[in-house]
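**Student:** Okay, here's the structure, questions in a sec.
Laboratory data are not the source of any read-out in this text; all were calculated from the coordinates shown. None of the values given here were measured: they were computed from a predicted structure. Glycine also receives a Cβ, built like all others from the backbone with ideal geometry; neighbour counts cover every protein chain displayed.
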Amino acid sequence: LGMLVFAAMTTAAGPVPSVRVVMPESPGEMTRRVAQILARQITDRCGAKVATTGDAACAIELRLEPGIGSEGYRIDDGPDGGVCVVGNDEPGLMYGVGKLLRNSRYDGGGFTPGAWRGESAPQCEMRGIYLANHFNNYYEAASPEEIERYIEDLALWGYNLLSLGFPHWQYDSYDDPAARRMIEHMHRLMR
């Protein structure tokens, strides 16, 4: 995806049964969504408990600090074996959380934070995908929840552009009930 990377590896701790996600003092809507995705991904993969308050065996701090580069991120060691994901901006925070999730381990013992530490920023402004949502293919036929998870995964990998095309040739008019369903489906995907 054209990312410029400076990295180092550190020794990862063992699995932990609980994680606390620490957000900035006044998180934006996207930062809150990133925290939700992080929590769900950890819980779904290994069953570790994730909370935003209270004690936990590991803390993952989410921060925003301009200066890394547009949509860039940094992953640092946090206090007491925790991890700090720093985004230059909210998209960078999403991409940093994606990097942490990809480099972490998930097993019956819990969550083991990834050992990758470093900084990364995109080299190109647009990184996208075209979802050909026509002829009853996967992008049209899959459930909205499944497609939402797929699009989240793309965002965690650093994609920042989603292209859809309305397959007008499949319908008699925009008033066709099937055309209306497709338009609603496309609106869901874009949200």
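**Student:** Which value in deg cm²/dmol, rounded to the nearest 500, describes the helix-derived mean residue ellipticity at 222 nm for the chain, given -39,500 (n - 2.57) per DSSP H run of n ≥ 4 and division by the residue count?
**Tutor:** It comes out at -10500 deg cm²/dmol, rounded to the nearest 500.
**Student:** Can you work out the FRET efficiency for the pair residue 181 and residue 43, with r the C-beta to C-beta distance and R0 = 41 Å, to the nearest 0.05?
**Tutor:** Result of the calculation: an efficiency of 0.80.
**Student:** Here's another thing I want to ask about it. Of 41, 27, 17, which is farthest along the charge dipole of the chain in the positive direction, counting Lys and Arg as +1 and Asp and Glu as -1 at C-beta?
**Tutor:** Toward the positive end, the furthest listed residue is 17.
**Student:** Checking the a/c ratio against 1.5 first, then a/b against b/c, what shape does the Cα gyration tensor give for the stretch 39-170?
**Tutor:** Oblate is the answer for the stretch 39-170, as a/c is 1.5 or above yet b/c matches or exceeds a/b.
**Student:** Could you give each residue of the stretch 175-191 its phi-based ³J(HN,Hα) in whole Hz, using Karplus coefficients 6.51, -1.76, 1.60 with θ = phi - 60°, and x for Gly or Pro?
**Tutor:** 7, 4, x, 5, 5, 4, 4, 5, 4, 4, 4, 5, 4, 4, 4, 5, 5
**Student:** At 4 °C and 1.567 mPa s, what whole-number value in µm²/s does Stokes-Einstein give for the translational diffusion of the stretch 16-59, with Rh from the Kirkwood sum over Cα pairs?
**Tutor:** 122 µm²/s
**Student:** May I ask you to order 68-81, 125-138 by the average number of other C-beta atoms within 10 Å around their residues, highest value first?
**Tutor:** So the order, starting with the most tightly packed, is 68-81, 125-138.
**Student:** Ordered by packing density, taken as the mean number of other Cβ atoms within 10 Å over each peptide's residues, highest first, how do 169-182, 142-155 rank?
**Tutor:** With the highest mean Cβ count within 10 Å placed first, the list reads 142-155, 169-182.
**Student:** Within 10 Å, Cβ to Cβ, of residue 59, how many net charges do the neighbouring residues add up to if Lys/Arg are +1 and Asp/Glu are -1?
**Tutor:** -2
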